[in-house]
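Each remark here refers to the structure printed beneath this line.
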Amino acid sequence: MSVVRALDQADLAAVAGMFQRMLRKKRGPAPASLVDYMRRFYLDAPDWGSGLRSLVHVNDAGQVSGFVGVHALPMKFNGRQLYAAICSSLMVEDHETDPMAGARLLKAFLDGPQDISFSETANDTSVKLWTRLRGVVLPQYSLDWVRVMRPATFMLSLFASHMKLAWMLNPLARMVDRLYLRKMKGSQRRWTGVVANASSRGAFRTSEIDSGSFAGLLEPLCAQFPLRPQWAEGQLNHILGDAAQKPDFGELVCVSVASPNGANVGAFAYYARPDGIGRVLQVLALPGQAGPVIDCLVEHAARRGVSGLRGRVQPALLDAMLVRRIAFIPVASTVVHSRDPELLDAMKNAQVFLNGLAGEQWSQLIGGRFT
């Protein structure tokens, strides 16, 4: 008889193998570095006092055939201390043989002791499972945004993710972009270009900071959200340290934004790789300051030589993004579940800080290098 139980050390090779085949879409056994990372990420990392565990599905033959990764996020809501469980890497093999395995695995996860369950990377199949188990999709958190800054290099970067030799055309793409951007006025906004030496941020100033300083800005910049993370001591440093280990994405750059009077009004963190598409990990802004912070992010990234930016939408930033030549695309859904109607209402009404650092995008399982 099939069972769902907690992940243990002996399961790691099988789980990493599934991850290699199903999510990385690669043949052959999982590399030792992937097995080691999963051990550190799911078994050895601190649980921050929650007691939550990742789960495996074991089929009738005694083989691991499914997995759901779990890590904890302490949160607070109107003075209440809560725990959220973040669902990552939900996967099931041999669905035809046991079509209910995924549902059993997800139900066991949702029946855990956490106050909130969520995922920011749910595909169509996962969304169906979540909604059948009374999960809710948050449309306002379920879009990726894209800003094109150097169109020729941007398109080449997209092709190069599938055809490595495309990078040989980089010199030609850079030349085309220089000619194209030379015709733009510094204050002009286009869907397909940003002048690197332009300045639309007024007297707002940016300063590159280390990850520890960036972590210190999170609490004041998240205070506007009634339902928000309350990271345990050392947890943010652990997350940012892990997030920095993605060489294929580029260098993780953390930046603070100050207003003309010197007050800090926002911050952002993104991966900068010259000529590549910069992956935005997090954008934070005080109420009413989202526009200048986004301008600072775009101009900072342009000076760093990236060809475009891509990130996950936060509803608090959406109004400012709509007037800044930013495109939106559906890639994956953010889904949530709670047995507490008040918490569910807060999430439906965009009163929660989710995605990015309050999610799973920082993990090396998304964009890490395993060889």
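The values are calculated or read from the model by the stated rules, or taken from the named source; none is laboratory data. Predicted, not measured: the structure shown is a model, and the values here were computed from it. Note that each Cβ is placed from the backbone with ideal geometry, even for glycine, and that neighbours are counted across all protein chains shown. Calculation scope for accessible area: heavy atoms of the full protein, side chains included, ligands and nucleic acids excluded. Shrake-Rupley method; radii C 1.70, N 1.55, O 1.52, S 1.80 Å.
Starting from the Cα gyration tensor of the chain, multiply each eigenvalue by 5, take the square root, and state the resulting semi-axes largest first in whole Å.
With the √(5λ) rule applied to the chain, the semi-axes are 36, 25, 18 Å.
How big is the dipole moment of the chain about its Cα centre under a simple scheme where the beta carbon of each Lys and Arg is +1, that of each Asp and Glu is -1, and everything else is neutral? Debye, nearest 20, please.
1680 debye
Quick check: net charge around R21, other residues with Cβ under 14 Å of its Cβ, Lys/Arg +1 and Asp/Glu -1?
Taking every other residue near R21 into account, the sum is +2.
In Å and on Cα atoms, what radius of gyration and Dmax does segment 238-281 show?
12.5, 38
Would any residue of segment 110-152 have its amide N under 20 Å from a label point 7 Å out along Cα→Cβ of R178? List them or say none.
Backbone N within reach: 149-152.
Dividing the Cα radius of gyration by the Kirkwood radius, what Rg/Rh value follows for segment 257-371?
So for segment 257-371, dividing Rg by the Kirkwood Rh gives 0.99.
If we sort 279-292, 10-23 on the protection proxy, mean other Cβ atoms within 10 Å, highest first, what's the order?
Ranking the peptides 279-292, 10-23 by packing returns 279-292, 10-23.
Just to be sure I understand the curve: with the Debye formula and one point per C-alpha of segment 58-109, what is log10 I(q)/I(0) at q = 0.23 Å⁻¹?
-0.84
If you place +1 on the Cβ of every Lys and Arg, -1 on the Cβ of every Asp and Glu, and leave all else neutral, what size is the dipole of segment 40-184 about its Cα centre, to the nearest 20 Debye?
1020 debye
Return the calculated 222 nm mean residue ellipticity for the chain, to the nearest 500 deg cm²/dmol, obtained by summing -39500 (n - 2.57) across DSSP H runs with n ≥ 4 and dividing by the residue count.
Calculated at 222 nm, the ellipticity per residue is -8500 deg cm²/dmol.
Could you tell me how far the Cα centroid of segment 280-319 sits from the Cα centroid of segment 71-149, in Å?
Segment 71-149 and segment 280-319 have Cα centres spaced 26 Å from each other.
Please state, to two decimals, what the Cα-based radius of gyration of segment 239-310 comes to when divided by 2.2 N^0.38 Å (N = residues).
Compared with the compact-globule rule of thumb, segment 239-310 sits at 1.10.
Nearest 20 debye, what's the magnitude of the dipole of segment 208-320 about its Cα centre given +1 on Lys and Arg Cβ and -1 on Asp and Glu Cβ?
Dipole size: approximately 240 debye.
Would you kindly calculate the mean projected area, averaged across all directions, of the convex hull enclosing the Cα atoms of segment 218-259, in square nanometres?
4.2 nm²
Separation between the T125 and K107 pseudo-spin-labels, each 7 Å from Cα along Cα→Cβ, expressed in nm?
1.9 nm
If one puts a single equal scatterer on every Cα of segment 1-126 and applies the Debye formula without solvent, what log₁₀ I(q)/I(0) results at q = 0.11, 0.12, 0.18 Å⁻¹?
-0.38, -0.45, -0.98
Report the FRET efficiency, 1/(1 + (r/R0)^6), for T371 and N264, where r is their Cβ-Cβ distance and R0 is 41 Å, rounded to 0.05.
Rounded to the nearest 0.05, the efficiency is 0.55.
Please calculate how many Å² of accessible area segment 232-371 carries per residue, with a 1.4 Å probe and no DNA, RNA or ligand atoms counted.
35 Å²
Give me the orientation-averaged projected area of the Cα convex hull of segment 60-148, in nm², one decimal.
Average projection, Cα convex hull of segment 60-148: 8.2 nm².
For segment 203-286, how big is the tail of P(r) above 16 Å, as a whole percent of Cα pairs?
Cα-Cα pairs of segment 203-286 separated by over 16 Å account for 55 percent.
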